[in-house]
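K.L.:
Take this structure first; my questions come after.
The values are calculated or read from the model by the stated rules, or taken from the named source; none is laboratory data. Every value quoted in this text rests on a predicted model; they were computed, and no experiment measured them. Every residue, glycine among them, receives a Cβ derived from its backbone with ideal geometry; neighbour counts consider all protein chains shown. Calculation scope for accessible area: heavy atoms of the full protein, side chains included, ligands and nucleic acids excluded. Shrake-Rupley method; radii C 1.70, N 1.55, O 1.52, S 1.80 Å.
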Amino acid sequence: MKLRFVEVDKFNKIHIDLLYEILKKRQHNISHIELPDFNTHKLFVENINYRKWNLIYNKDQLIGNYYINYENFIGINLLVNNIYYYQIIIKEILSIENPLPEIKSIRNKYFLINSSPQNKFLNDALKLLNFRQIQSTYLCK
């Protein structure tokens, strides 16, 4: 696998389109229940303030994206459900990125990854990497 990360340009139409294609194909969602329309997506991309946001390529093929926010959470969205891909991508991210310093009750001193309980591939990859589950989150409608 030859990974390449390309920084998202929030005002680049191609990047916005690619991110929407990834969003449309996601099988496991945490941040939304229904797919937003394209204009809502575009506004989100242009206005979100992630610390880092990259498209992920394997050679020249787009395979997903990842972001890191200011609370040290890493979000990973892949077009392929593959434990190996998740492991390699997480290892690569952790090798090039550093968490921001801890702020008690606000930001953990380590990176954190949220995962849908239905995302077996990501959950299995996290277990194989010997990461520890510290929390479960519930949506209260």
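K.L.:
Can you name the residue in segment 19-39 that is closer than 16 Å to Pro117 by Cβ and without any contact (Cβ under 8 Å) to a residue 12 or more places away in the chain and, of all such residues, is least open to solvent (accessible area, probe 1.4 Å)?
P.N.:
So the residue we want is Ser31.
K.L.:
What residue, among those in segment 63-77 that are touching a Phe, Trp or Tyr at 6+ places or on another chain (Cβ under 6 Å) and not hydrophobic (A, V, I, L, M, F, W, C), is most open to solvent (accessible area, probe 1.4 Å)?
P.N.:
Here the answer is Tyr67.
K.L.:
Checking the condition farther than 18 Å from Gln118 by Cα and open to solvent by less than 60 Å² (accessible area, probe 1.4 Å), which residue from Asn47, Asn58 passes?
P.N.:
Asn58
K.L.:
I would also like to ask the following. Can you find even one residue in segment 78-96 that is in a helix (DSSP H, G or I), surrounded by fewer than 16 Cβ atoms within 10 Å (Cβ to Cβ) and of a type in the set (Lys, Arg)?
P.N.:
yes
K.L.:
Here is a follow-up. Suppose we filter Ile56, Ile74, Ile63, Ile22 for residues that are among the aliphatic types (A, V, I, L, M), part of a strand (DSSP E or B) and more than 15 Å from Met1 (Cβ to Cβ); which single one remains?
P.N.:
Of the residues listed, the single one that is among the aliphatic types (A, V, I, L, M), part of a strand (DSSP E or B) and more than 15 Å from Met1 (Cβ to Cβ) is Ile74.
K.L.:
When you scan segment 111-119, do you find a residue that is open to solvent by 50 Å² or more (accessible area, probe 1.4 Å), of a type outside the set (S, T, N, Q) and modelled with pLDDT of 95 or more, even just one?
P.N.:
Within segment 111-119, not a single residue is open to solvent by 50 Å² or more (accessible area, probe 1.4 Å), of a type outside the set (S, T, N, Q) and modelled with pLDDT of 95 or more.
K.L.:
Still on this model: With respect to the numbered conditions (1) modelled with pLDDT under 95; (2) part of a helix (DSSP H, G or I), which one is the sole condition not fulfilled by His32?
P.N.:
The one condition His32 does not meet is (2).
K.L.:
Additional query: Of the conditions (1) touching a residue at least 12 places away in the same chain (Cβ under 8 Å); (2) surrounded by fewer than 17 Cβ atoms within 10 Å (Cβ to Cβ); (3) part of a helix (DSSP H, G or I), Leu100 clears all except one; give me its number.
P.N.:
Going through the list (1) touching a residue at least 12 places away in the same chain (Cβ under 8 Å); (2) surrounded by fewer than 17 Cβ atoms within 10 Å (Cβ to Cβ); (3) part of a helix (DSSP H, G or I), Leu100 breaks only (3).
K.L.:
Moving on. Which residue pairs have Cβ atoms closer than 6 Å, lie 6 or more positions apart in sequence or on different chains, and pair a first residue in segment 45-67 that is among the acidic types (Asp, Glu) with a second residue that is crowded, with 16+ Cβ neighbours inside 10 Å?
P.N.:
Note: pairs meeting the criteria are Glu46/Lys10.
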